[in-house]
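Below is one structure, written out as structure tokens, with a few remarks after it.
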Amino acid sequence: MITAGQPAEPVVRVSHLSKRFRLFHERNQSLKQSLLQRKRSSYEDFWALRNISFDVLEGETFGIIGHNGSGKSTLLKCLTKILQPDEGAVSVNGSISALLELGAGFHPELSGRENVYLNAAILGVSRRQVAERFDEIVEFSGLEQFIDTPVKNYSSGMFVRLGFAVAVNVDPDVLIIDEVLAVGDADFQAKCGDKIADFRDRGKTIVLVTHGMSDVVRLCRRAAWIDHGNLRMIGAPQDITDAYMQTTHEGRSVQYLDGLRWGTGEVQVASVEILGADGEPVDFARSGAPHAIQLVLTAEQPVIAPEVIISIFDQNATLVSEVSTRTRDAFIDQVHGERTIAFELDTLPLTEGTYEMSCSIVDESGQREYDARSRFVRFDVLKGESGDEGLVTLGGTWNVDG
């Protein structure tokens, strides 16, 4: 534990770490095959990590971000001694608890109760210590009703609940968490976030791998960006996430997906475009800038007074906003043939991130669905001039001494 005035010491030290795997292109399946063909299996070396170096200080929450396949999970497995480095070294000072992948350390035929003891034993916690904390573990997991059920009958979310409950309640010096928390529901994710914040406030050391940029900024003191096995950047969380998000958006454009679609078809959403201030389609939107969402509606026969609804979701499938022509007192007298309408925004309130859009057309009563297209448009929003953070930007202006 850090005391006042005492400089923090590195608890996790990664020094010139490299990890190599062999990718086999043609592998002999038996000794007989090897003798008959008289040749060795062909393979190439794949470096999942290359010359990675960083320290994590005592009491620090350290975030690691990067695209899928960048080497993040391999790095965590090296930290927990599941994998041994091919070059360099890793050291962790203190007891360590890790939640790396779904169901790790669980025996499917054993009950939740038995797996709590088994999982804790793997982490080096005695049976007596587990017994003292058992009720707390089960309460945190919310699985009291299922604790004596074999875990092979658990859902993925229940696996995560129990695994995380064990990992955090054995009170380790270092807590290592991989992306598996994304499997839990919104309520449990919030509960985990609170627990991580509590760990941080108690001076515990946390290494967190996540795709949630807001979690990195909110929870972490520093962050590292791993890109194709190399350490791209390390520093303040906001700087790291900004650079990473800018790269992920490069070359991207609005995507039109084959999502779920239903309805009578009397009126249909033929196309959707996101327009910029000049009225031209854009590849990505910009937070705080003027934009319009333009829809082309089609109907073979006249349809009177349809209502159009637009819904925007974030990457966690959370509804950010839903707006309709009815709620904004915009009346469409009829659609016959082709008709173009647009929802205009003086300033786009969405902050940087990736979003999906749903659109539906219903009758005047709202009961009859003519066309409903679920999350069929995916688009990126880049950071605007304001630099606001969070889910949305409030806009507005400051008045100091006004």
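The values are calculated or read from the model by the stated rules, or taken from the named source; none is laboratory data. Since the model is a prediction, treat every value here as computed from it, not as a measurement. All Cβ positions, glycine included, derive from the backbone under ideal geometry; neighbour counts span all protein chains shown.
Here Glu266 meets the list (1) more than 23 Å from the chain's Cα centre (by Cα); (2) in contact (Cβ under 8 Å) with a residue 24 or more places away in the chain; (3) outside any loop (DSSP other than H, G, I, E, B) almost entirely, failing just condition (3). Of the residues Gly395, Gly353, Gly390, the single one that is out of contact with any helix residue (DSSP H, G or I) (no Cβ under 7 Å at 6 or more places or on another chain), over 30 Å from Thr298 (Cβ atoms), buried (at least 18 other Cβ atoms within 10 Å of the Cβ) and of a type in the set (Gly, Ala, Ser) is Gly353.
Evaluate the stretch 179-186: report whether one residue or more is loosely packed, with under 13 Cβ neighbours inside 10 Å and either aliphatic (A, V, I, L, M) or assigned by TED's automatic domain parsing to the domain that holds Asn316 (or both).
Yes: one or more hits.
Looking only at the stretch 244-263, residues that are assigned to a helix (DSSP H, G or I) and in contact with a strand residue (DSSP E or B) (Cβ under 6 Å, 6 or more places away or on another chain) come to 2 in all. Just one of the listed residues (Val296, Val303) is outside any loop (DSSP other than H, G, I, E, B), β-branched (Val, Ile, Thr) and buried (at least 18 other Cβ atoms within 10 Å of the Cβ), namely Val303. Taken over the stretch 65-85, the criterion of being in contact with a Ser or Thr (Cβ under 8 Å, 6 or more places away or on another chain) and crowded, with 21+ Cβ neighbours inside 10 Å is satisfied by Ile65 alone. Of a type outside the set (A, V, I, L, M, F, W, C), within 26 Å of Phe62 (Cα to Cα), in contact with a Ser or Thr (Cβ under 7 Å, 6 or more places away or on another chain) and not assigned by TED's automatic domain parsing to the domain that holds His16: which single residue out of Gly124, Gly163, Gly88 fits that description? Just a single option satisfies the conditions, and that option is Gly124.
Residues in the stretch 366-387 that are crowded, with 16+ Cβ neighbours inside 10 Å and basic (Lys, Arg): Arg373, Arg375, Arg378, Lys383.
Annotation: Val130 fulfils all but one of (1) surrounded by fewer than 20 Cβ atoms within 10 Å (Cβ to Cβ); (2) in a helix (DSSP H, G or I); (3) at pLDDT below 90; the unmet one is (1). Selection of the stretch 62-119 for residues being modelled with pLDDT of 90 or more and part of a strand (DSSP E or B) yields Phe62, Gly63, Ile64, Ile65, Glu87, Gly88, Ala89, Val90, Ser91, Val92, Ser111. Among the residues of the stretch 327-335, not a single one is part of a strand (DSSP E or B) and of a type in the set (Gly, Ala, Ser). Asp363 falls short on exactly one of the conditions (1) modelled with pLDDT of 95 or more; (2) within 22 Å of Thr264 (Cβ to Cβ), and that condition is (1).
Checking every residue in the stretch 17-24 against the condition of being in a strand (DSSP E or B), loosely packed, with under 12 Cβ neighbours inside 10 Å, of a type outside the set (Lys, Arg) and at pLDDT below 90 gives at least one match.
Might you check whether a residue that is touching a residue at least 60 places away in the same chain (Cβ under 8 Å), touching a strand residue (DSSP E or B) at 6+ places or on another chain (Cβ under 8 Å) and acidic (Asp, Glu) occurs anywhere in the stretch 331-350? Yes. If the condition is being free of Cβ contacts under 8 Å to residues at least 60 places away in the same chain and either touching a Leu at 6+ places or on another chain (Cβ under 6 Å) or of a type in the set (Asp, Glu) (or both), then the stretch 75-106 contributes only Lys77.
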